[in-house]
Structures are given as structure tokens and as C-alpha cells.
Amino acid sequence: MRGISPAVKHILIINVIFWIGTLSIARGTLFENLFAYHFVTSDLFKPWQIFTHMFMHAGYVDTPGGGETIYFQHILFNMFGLWMFGTPVERFLGTKRFVFFYISAGLGALFIHAGWDYFQFQTELSKLISVGFDKESILQILNEGRLKHPEYSKWVAVLGDDGFQTLGRNFFGTLVGASGALMGVLVAFGVLFPETPLMLLFLPIPIKAKYFIPGILLIDLFSMLSGYSLFSPSNTAYLAHLGGALFGFLMVWYWKKNSFNQNRWN
């Protein structure tokens with residue numbers, strides 16, 4: 001793997017191993033249950049998922065005919081972006097600092113995404129508790145994972161359809177992918193190499209990184225607020241993207257401001 005910096009190479013290999021495991025073992029169910037991030041009050045949540053989710057990628061997607069097909073685009077685009085932007089960033093920061101940066105951006109992405117999900121879930125849960133439903137009974141019913149339950153109609157009467165969908169979506173949702181950490185790397189590249197020209201595949205016009213990368217973030221923000229996905233699948237965790245970008249920016253801005261002299265690791 002010439003042309004790839006050491007940490008980027010090892011992160012890429014780990015991601016590929018996890019993806020192959022997802023494809024090969026129990027149609028992805030085992031790997032998803034163990035390593036994808038699950039909602040913190042779910043019985044499927046395990047502490048290590050806070051870290052392992054950022055090395056997981058979707059293995060299969062449903063097809064219109066009711067079957068499944070291998071979904072390689074998720075890992076392909078993320079790993080291509082990691083190689084393209086992570087290698088120069090690692091060479092600038094140094095390997096140890098880059099590993100710290102990458103994991104921190106991924107954790108920041110999770111913190112923002114999971115924090116908002118938890119807030120939404122608790123808001124709907126408190127509405128049910130306020131009218132007499134028992135919290136432990138609600139969590140037990142949700143952890144049973146049944147698509148239909150006699151209590152659901154009662155919950156809908158209190159929460160409305162939107163509130164009920166929010167409750168279920170946040171509880172049953174999982175988070176996988178390197179995108180949050182990658183967005184941190186992308187922002188770091190823009191801060192460190194702002195004059196570098198970049199191009200989109202469908203728009204072969206060079207745009208400087210200092211304009212290109214904020215444009216990507218604005219597209220994510222628009223997609224999140226509007227619910228209309230411009231370039232990504234509809235289940236993209238845009239808030240995680242923005243969270244990773246925010247944490248990445250804060251870290252590299254601080255290091256650059258201090259000229260990389262204080263607390264330098266390499």
C-alpha cells in the first residue's frame with residue numbers, strides 16, 4: 001500500500017475486516033448487534049460500540065424485489081475519502097496525533113448524534129410517563145422489539161404519529177460508518193491546505209479546499225434540515241457528519257493556533 005500513511009493504512013484495513021465480517025457472518029446480524037452503536041437504553045447497547053461503530057459499514061441493502069444485495073458504496077466512498085484526505089493530514093500532524101484526532105472526531109460525531117437522539121427520545125418518553133405510563137414497562141416493550149404491540153395504539157393517542165415515530169426511530173436506530181471521523185479529517189484538510197484545488201466527479205471544475213469543504217458541510221446541513229438528500233442515502237446521519245466536522249475543526253484550529261509547538265507528540 002504505497003502512498004498511504006501508516007495510520008490511514010491500518011484504519012482502512014480494520015474497516016475492511018469489519019466489512020468482510022459483516023458480509024460473511026450471519027448475514028451481518030451478529031456484527032451489527034455486537035459492533036454497531038445501539039441506543040443507550042437498548043438491551044443491545046454495549047460500551048465498546050462507542051468505538052467500534054466507526055469501523056462498521058453497511059453490508060447489505062434491500063432490493064425492490066424483496067431480496068438483498070451487497071452494498072459496497074458506503075465503505076468504498078468512505079475509504080477513498082480517508083485515503084485521499086487522511087494521508088496528507090496524517091503526514092502533517094504525525095501518526096500519533098492523527099490517530100487521536102481521528103478517534104476524537106468519530107467520538108464527537110457520535111456525541112452530537114446520540115445526544116440529540118436521546119433528547120428527542122426522552123421528550124416523547126416523558127409525555128407518556130406524565131399521563132401514567134410506567135417507564136420500565138415502556139422500555140421493556142421496546143426492548144422486545146415487536147413491530148406491533150397492544151400498547152402502541154395507546155402511545156400514539158398520546159404522542160401522535162410523529163411523536164410515536166420519533167420514539168421508535170431513536171430507540172431502534174443504529175449508527176455505523178467512518179463518515180463522522182472522515183468529516184473531521186476533511187475539515188482538517190481544509191484548514192491545513194486551504195488553497196488545494198478539489199473537484200467533484202460530476203462537476204470537473206477545480207475549487208479551492210477552503211470553499212469546497214464548507215460547501216459540502218452546507219449541503220449536509222441543508223439535507224438535514226429539509227429532509228431531502230441531495231447526494232447521500234436517505235438514512236444518512238447528517239448530524240453525525242456535522243458533529244465530526246465541528247470537533248475536527250476545533251481540534252485542528254487549536255493546534256494550528258498554537259503552531260504545533262506546545263504538546264507536540266511527534
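For residue 4, the conditions (1) more than 23 Å from residue 81 (Cβ to Cβ); (2) in a loop (DSSP other than H, G, I, E, B) are fulfilled apart from (1). Of all residues in segment 79-110, those satisfying the criterion of being crowded, with 24+ Cβ neighbours inside 10 Å and in contact with a Ser or Thr (Cβ under 8 Å, 6 or more places away or on another chain) are 86, 90, 98, 109.
A Cβ distance below 9 Å, combined with a sequence gap of six or more or placement on separate chains, defines the contacts here; from segment 215-229, residues that are buried (at least 18 other Cβ atoms within 10 Å of the Cβ) reach residues that are aromatic (Phe, Trp, Tyr) and not in a helix (DSSP H, G or I) in the pairs 223/231.
Would you mind stating whether residue 251 is among the hydrophobic types (A, V, I, L, M, F, W, C), at pLDDT 75 or above and over 27 Å from residue 96 (Cα atoms)? Answer is no for this residue. Of the residues examined, residue 133 is not one that is surrounded by 14 or more Cβ atoms within 10 Å (Cβ to Cβ) and assigned to a helix (DSSP H, G or I).
Scan segment 45-54 for residues that are surrounded by fewer than 20 Cβ atoms within 10 Å (Cβ to Cβ) and touching a residue at least 12 places away in the same chain (Cβ under 8 Å) and the total you get is 5.
When residue 76 is tested against (1) surrounded by 13 or more Cβ atoms within 10 Å (Cβ to Cβ); (2) without any contact (Cβ under 8 Å) to a residue 12 or more places away in the chain; (3) farther than 24 Å from residue 171 by Cβ; (4) not charged (D, E, K, R), only condition (1) is not met. Quick check, is residue 128 farther than 30 Å from residue 249 by Cα, outside any helix (DSSP H, G or I) and of a type in the set (A, V, I, L, M)? No; evaluated as a whole, the condition is false for this residue. Is it fair to say residue 68 is touching a residue at least 24 places away in the same chain (Cβ under 8 Å), touching a Phe, Trp or Tyr at 6+ places or on another chain (Cβ under 7 Å), among the acidic types (Asp, Glu) and farther than 15 Å from residue 188 by Cβ? For residue 68, the condition - touching a residue at least 24 places away in the same chain (Cβ under 8 Å), touching a Phe, Trp or Tyr at 6+ places or on another chain (Cβ under 7 Å), among the acidic types (Asp, Glu) and farther than 15 Å from residue 188 by Cβ - is met.
Is it true that some residue in segment 64-84 is within 29 Å of residue 212 (Cβ to Cβ), at pLDDT below 95 and of a type in the set (Ser, Thr, Tyr)? Yes, because at least one residue in segment 64-84 is within 29 Å of residue 212 (Cβ to Cβ), at pLDDT below 95 and of a type in the set (Ser, Thr, Tyr). Out of the residues in segment 28-41 meeting the condition of being farther than 20 Å from residue 102 by Cβ and crowded, with 17+ Cβ neighbours inside 10 Å, tell me which one is modelled with the lowest pLDDT. Once the filter is applied, the top-ranked residue is 28. Is it the case that segment 145-166 has a residue that's touching a residue at least 40 places away in the same chain (Cβ under 8 Å) and among the β-branched types (Val, Ile, Thr)? Yes, some residue in segment 145-166 is touching a residue at least 40 places away in the same chain (Cβ under 8 Å) and among the β-branched types (Val, Ile, Thr).
The values are calculated or read from the model by the stated rules, or taken from the named source; none is laboratory data. Because the structure is a prediction, the values reported are computed rather than measured. In this analysis, Cβ positions are derived from the backbone assuming ideal geometry, glycine residues included, and neighbour counts consider all displayed protein chains.
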